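The values are calculated or read from the model by the stated rules, or taken from the named source; none is laboratory data. Because the structure is a prediction, the values reported are computed rather than measured. No Cβ is skipped: glycine too gets one built from the backbone with ideal geometry, and neighbour counts run over all protein chains shown. Side chains are part of the model used for accessible areas, which takes the heavy atoms of the whole protein and leaves out ligands, DNA and RNA. Shrake-Rupley method; radii C 1.70, N 1.55, O 1.52, S 1.80 Å.
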Amino acid sequence: MQESTYPIATPKSSRWSVVWSAVAQHRFWIVLLTAIGSLSSVIYAHAPLVAFGAIAGTTLRPKRAFGAAITIWLANQLYGFGLRHYPQTAESMIWGLVMGLGTVMVTAIAALRPTFSQMTRKGHGIWVAIALLTGFVVFEGLVLSLGFLLTGSHVFTWAILGRLLMKEVLWGFGLTLIHFGFAQFLTAGGDIRP
């Protein structure tokens, strides 16, 4: 399918699945998501990788989702080691790789896109929330496990986890609104035919 040709609904496809497919194929969406994710490292030493992995996995086809998520993680690492002067030690590199693995795992979970998430915008929103929360548990579980392996104790308090979760949820919500807005823009512009 060419980039400029958007799908036409068939009797078996829902309106949302046609809209989702058009957004997932659109170059602007992947560029916007990747740019926002890459630039988020300017704001945070640790970008909201769970949110970006969840949104990439739920809004893009798997190959593009993994590409976007890995690019965002890589930008975060380059920014951290280059401009923030992370220590160039084996331990620091291991932390970075674990964060990359966590980002890929979140993206994989989100990319599962069960049937209910493909039928309606509401179902999509519910799946984003499920993928985000599940991804957060997986991601932070990896980080906690590595911390325990390296130090022999846990490195998080409930307050820290709560702040991290709030950051991921806020980013996930904001990115979902941007995704819905772009979908609405394509629909209103007549780029998507019912």
**Item:** All positions within the range 50-63 that are of a type outside the set (Phe, Trp, Tyr), surrounded by 21 or more Cβ atoms within 10 Å (Cβ to Cβ) and assigned to a helix (DSSP H, G or I)
**Value:** VAL50, ALA51, GLY53, ALA54, ILE55, ALA56, GLY57, THR58, THR59
**Asked** under 29 Å from VAL42 (Cβ atoms) and open to solvent by less than 60 Å² (accessible area, probe 1.4 Å): does that describe GLY152?
**Response** no
**Request:** Answer yes if at least one residue in the range 156-167 is closer than 13 Å to VAL50 by Cα, open to solvent by less than 40 Å² (accessible area, probe 1.4 Å) and either touching a residue at least 24 places away in the same chain (Cβ under 8 Å) or more than 21 Å from the chain's Cα centre (by Cα) (or both), and no otherwise.
**Result:** yes
**Request:** State all residues of the range 109-149 that are open to solvent by 40 Å² or more (accessible area, probe 1.4 Å) and of a type in the set (Gly, Ala, Ser); if no residue qualifies, say none.
**Result:** ALA129, SER145
**Asked** Counting only residues that are at pLDDT below 85 and out of contact with any helix residue (DSSP H, G or I) (no Cβ under 9 Å at 6 or more places or on another chain), which one in the range 6-44 is most open to solvent (accessible area, probe 1.4 Å)?
**Response** LYS12
**Message:** Among the residues in the range 72-82, are any within 18 Å of TRP171 (Cα to Cα) and at pLDDT 95 or above?
**Reply:** yes
**Request:** Report yes if VAL104 is closer than 21 Å to GLY141 by Cα and open to solvent by 40 Å² or more (accessible area, probe 1.4 Å), otherwise no.
**Result:** yes
**Prompt:** Do we find a residue being open to solvent by 40 Å² or more (accessible area, probe 1.4 Å), under 27 Å from LEU186 (Cβ atoms) and not aromatic (Phe, Trp, Tyr) anywhere in the range 80-98?
**Reply:** no
**Message:** Taking the conditions exactly as written (part of a helix (DSSP H, G or I), touching a residue at least 12 places away in the same chain (Cβ under 8 Å) and either open to solvent by less than 10 Å² (accessible area, probe 1.4 Å) or touching a strand residue (DSSP E or B) at 6+ places or on another chain (Cβ under 8 Å) (or both)), does ALA47 satisfy them or not?
**Reply:** no
